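**Student:** Quick one: the structure is below, questions incoming.
Any read-out appearing in this document is the output of simple, stated calculations on the displayed coordinates, not a laboratory observation. Bear in mind that the values here come from a model prediction, so they are computed numbers and not experimental data. Cβ coordinates were reconstructed from backbone atoms using ideal geometry, including for glycine residues, and neighbour counts include every protein chain displayed.
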Amino acid sequence: MRRRIALLLASGALALASACGDGGGNGGTSDVTLMLNWTPNNHHAGIYIAQANGWYRDAGINLTIVEPAEAGADAVVGAGSADFGISQAESVLPARAAGAPVVAIGTLLPYNDSSLMALASTGITRPRDLAGKKYGGYGGSLERELINTLVQCDGGDPARVSFVEVGNIDYLAGMDQGRFDFVWVFEGWDTLRARAVVGRQISSIKFVDHLNCIPDWYTPVIITNERMIRERPALVRRFMEATARGYRAAIDQPEVAANALLNAAPELDEKLVRESAAYHAPKYAKQGQAWGLQDGAVWTRFEAFLRQSGLLEEEVDVDDAFTNDFIPR
Amino acid sequence: MSAAASTRDSRFAAASRRYLPPALFLAGLAVCWEVAVRSLDVAPWILPAPSAVWAAFTDIGEVLPGHIATTMTEALLGLLIAAVAGASIAALIASMPLARRLTYPLLVLSQNIPLIVLAPLLVVWFGFGIEPKVAVVALIGFFPIVVSTAEGLMRTDPDLVDLVRSTGASRWQMLRAVRIPAAVPAFFAGLQISTTYAVLGAVIGEWVGATSGLGLFITRSQTAFRTDRVFVAVVVIAALSIALFGLVHVIARLVMPWQYASEREQR
């Protein structure tokens, strides 16, 4: 009697838009949004140091760091909803091919820190050992092309590698259960977690050791919108100066980097963050080079590889996809 | 005095009759869960035992209040907008048959757009502040309120409507004197359904991109493969929903005491 109607709820709903109207700066301070590529981790350390020390504020920037859940930052930055984002070359180029005007303005690491990780008990020590093993991945043509090239290059039979899509699951658990034998991870985060935090016997094939076969590429990179570069270059420069200062601090004082990151995201595993800070300190910039610099030859080789793997259907002009103009030297 | 004491006793007895069985049932479920996980030796990342969830809660508890404050602000604001918009649209639908025919298909359509389609658009439209989260809660929440309230408005006792009409009342007077009082219980019935989903709606909204909130806490826990913390968030979300539901119930009692008085008499 009292309740006549039972209703079900769909997970969707229609938006009745209203204007957002978020005001600009006040007193020379600009509100700036940076969207991360993932949960905060040591790749982002310099940004959190600069934020914690007020270096963005000193540069007239009121920075908000937003964390994504699923989709990356490219579409959001391309649409101008975020001023800056963290992305990676393998999404910047397809995003540009699709017309999103995103530009990489600095790399967080000078080379790709990715690796293929396996339990030591699998006996995998080099790429050709992957033949006959099962790869647990995210699904996509890039990973297929990379693994095939690596195996072939090392004298193995790429046709004997099997692929299974597993998405974002606990890779250690999946390997323990025998659902797959190896995964693609970041050496300075996931491999470190497995080795130093969980204490497992792990073997890993680092991409950077096989650059004779596969291209290097920049991941993660800081991206912005072409319009920002055109209309607010001074802001972009100030942002990158504060960020570069943060990364120089992370290089010199890993414990400062770890503390800044742990303060901003106390949910993170403290041991992993501290180990990773020490791991990354010598790796944020190449010896004797400024932090953030990108090499056009790296982009060119990777762009060709993406086309070969089918992730890019047409050629993308890499000169428009990145710039070093905003790296302080 | 002894009469008062016995009233209190009988009240206590009534309350325990009412709340003891569900409490015991829940406690029993938790015990079964704990025993099952331990005896079957289930790995913690597949299903953590209640004791492991509790340990995670005491371990990470201090970061929760900030996340809870964010999510609850989004949920409450969204509900408020849903209630106001829902009641207004219901009034329009109930008073104009044409409006009903025009808007009902759109209302149903509005509940069938997947959030994965909507989420990136919400960011573009509203940015990363509280707005997209409030929008998700309001969009999920307004539909039950509209349908329930509109039904209530239209199902008013026809004899009463005829009687008031015979006094020469205008449409607005009819709405105020007859239809709205008759629709209040229906409005609250709809609001209670919306309330059930408000916290979850806010959490889903935070997946769009957030700087704080339980949705962000879940993402951070998932990327660290901390299933125990994910469960902490699930329990917290459930507890907040129950609290919010209770609050709406209390408001309903205060707004329409007659409804609950007549119910008691019927018992």
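**Student:** Restricting to Cα atoms and excluding each atom paired with itself, what does the Kirkwood estimate give for the stretch A:165-306 in Å?
**Tutor:** After inverting the pairwise mean of 1/r, the radius is 17.9 Å.
**Student:** How do B:Leu40, A:Leu119 line up, fewest other C-beta atoms within 10 Å first?
**Tutor:** Going from sparsest to densest Cβ surroundings: B:Leu40, A:Leu119.
**Student:** Still on this structure: Using θ = phi - 60° and the Karplus relation 6.51 cos²θ - 1.76 cosθ + 1.60, list the HN-Hα couplings for the stretch A:49-63 in order, rounded to whole Hz, with x at every Gly or Pro.
**Tutor:** In residue order, the calculated couplings are 5, 4, 5, 5, 8, x, 6, 5, 4, 4, 8, x, 10, 9, 8 Hz.
**Student:** How high is the FRET efficiency from B:Leu40 to A:Lys271, r the C-beta distance, R0 22 Å, rounded to 0.05?
**Tutor:** 0.15
**Student:** I've got another one for you. Which far-off residues, 5 or more places away or on another chain, put their amide H under 5 Å from the one on A:Asn37, with H placed in the peptide plane?
**Tutor:** Long-range HN contacts for A:Asn37: A:Ile86.
**Student:** So, one more: Could you work out the local net charge near B:Ala94, counting Lys and Arg as +1, Asp and Glu as -1, over the other residues with Cβ closer than 10 Å to its Cβ?
**Tutor:** Within the 10 Å Cβ shell, the charges total +2.
**Student:** Taking amide hydrogens as modeled 1.01 Å from N in the peptide plane, which residues meet the under 5 Å criterion relative to A:Asp181, leaving out close sequence neighbours?
**Tutor:** A:Lys134, A:Tyr135, A:Gly136
**Student:** So for the pair B:Thr58, B:Ser170, with labels modelled 7 Å out along Cα→Cβ, what separation do we get in nm?
**Tutor:** Reported label-point gap for B:Thr58 and B:Ser170 is 6.6 nm.
**Student:** For A:Arg232, which sequence-distant residues (separation of 5 or more, or a different chain) have an amide H within less than 5 Å of its own amide H, given hydrogens modelled in the peptide plane?
**Tutor:** none
**Student:** What is the spin-label model distance, in nm, from B:Arg11 to A:Lys286 if the labels are put 7 Å beyond Cα along the C-beta direction?
**Tutor:** Using points 7 Å along Cα→Cβ, the separation is 7.9 nm.
**Student:** Please give me the summed charge of the neighbours of A:Tyr284: other residues whose Cβ is under 13 Å from its Cβ, Lys and Arg +1, Asp and Glu -1.
**Tutor:** Within the 13 Å Cβ shell, the charges total +2.
**Student:** Once the Cα atoms of helix B:2-40 and of chain B are each reduced to a long axis, what angle between those two axes, in degrees from 0 to 90 to the nearest 10, is obtained?
**Tutor:** 50 degrees
**Student:** If contacts are Cα pairs under 8 angstrom and at least 6 residues apart, what is the relative contact order of chain B in percent?
**Tutor:** Reported as a whole number, the value is 25 percent.
**Student:** A:Val198 to A:Ala173: extension gain in nm, 0.36 nm per residue of separation minus the Cα-Cα distance?
**Tutor:** Numbers: separation 25, 0.36 × 25 = 9.00 nm, distance 1.15 nm.
Going from the current span to full extension adds 7.8 nm.
**Student:** As I understand it, the value is the acute angle between the Cα axis of helix B:131-154 and the longest principal axis of the Cα atoms of chain B; what does it come to in degrees, rounded to 10?
**Tutor:** Value to nearest ten degrees: 40.
**Student:** So what J values fall out for the stretch A:240-250 if you push phi through Karplus, 6.51 cos²θ - 1.76 cosθ + 1.60 with θ = phi - 60°, rounded to Hz, Gly and Pro as x?
**Tutor:** Result, rounded to whole Hz: 6, 5, 5, 5, 4, 4, x, 6, 5, 5, 5.
**Student:** Over all residues in B:144-152, what is the mean tally of Cβ atoms on other chains that come within 10 Å of each residue's Cβ?
**Tutor:** 2
**Student:** Where Rh is the Kirkwood radius over the Cα pairs of the stretch B:1-154, the temperature 4 °C and the viscosity 1.567 mPa s, what D in µm²/s does Stokes-Einstein return?
**Tutor:** Result for D is 63 µm²/s.
**Student:** I've got another one for you. Could you work out the local net charge near B:Val232, counting Lys and Arg as +1, Asp and Glu as -1, over the other residues with Cβ closer than 11 Å to its Cβ?
**Tutor:** -1
**Student:** Shifting gears a bit: Averaging sequence separations of C-alpha pairs under 8 Å and six or more residues apart, then dividing by the length of the stretch B:89-195, give the relative contact order as a whole percent.
**Tutor:** Details: 80 pairs, mean separation 36.8, N = 107.
Relative contact order here is 34 percent.
**Student:** Taking only Cα atoms and a 10 Å spring cutoff, compute GNM fluctuations for chain B and point out the largest among B:Gly168, B:Gly66, B:Gly129.
**Tutor:** Answer for the Gaussian network model of chain B: B:Gly168.
**Student:** Would you count, across the protein assembly as shown, every pair of lysines whose alpha carbons are under 21 angstrom apart, provided the pair is eight or more residues apart or spans two chains?
**Tutor:** Taking the protein assembly as shown as the scope, the lysine pair count is 5.
**Student:** Turning to a different aspect of this structure: Got a sec to turn the phi values of the stretch B:210-219 into Karplus ³J(HN,Hα) couplings, 6.51 cos²θ - 1.76 cosθ + 1.60 with θ = phi - 60°, whole Hz, x for Gly and Pro?
**Tutor:** 8, 10, 6, x, 5, x, 5, 4, 5, 4
**Student:** Tally the DSSP beta bridges in the protein assembly as shown and give the antiparallel ones as a percent, rounded to 5.
**Tutor:** 60 percent
**Student:** Now a separate question. Determine the relative contact order of the stretch B:202-267: mean sequence separation of Cα pairs under 8 Å and six or more apart, normalised by residue count, in whole percent.
**Tutor:** 15 percent
**Student:** Modelled label-to-label distance, B:Ile251 and B:Ala23, 7 Å Cα→beta-carbon offset: nm?
**Tutor:** Once both label points are built, they end up 2.7 nm from each other.
**Student:** May I ask what percent, to the nearest 5, of DSSP beta bridges between residues of chain A are antiparallel?
**Tutor:** About 60 percent, rounded to the nearest 5.
**Student:** Considering only DSSP beta bridges where both residues belong to the stretch A:108-224, give the percentage that are antiparallel (nearest 5).
**Tutor:** 65 percent
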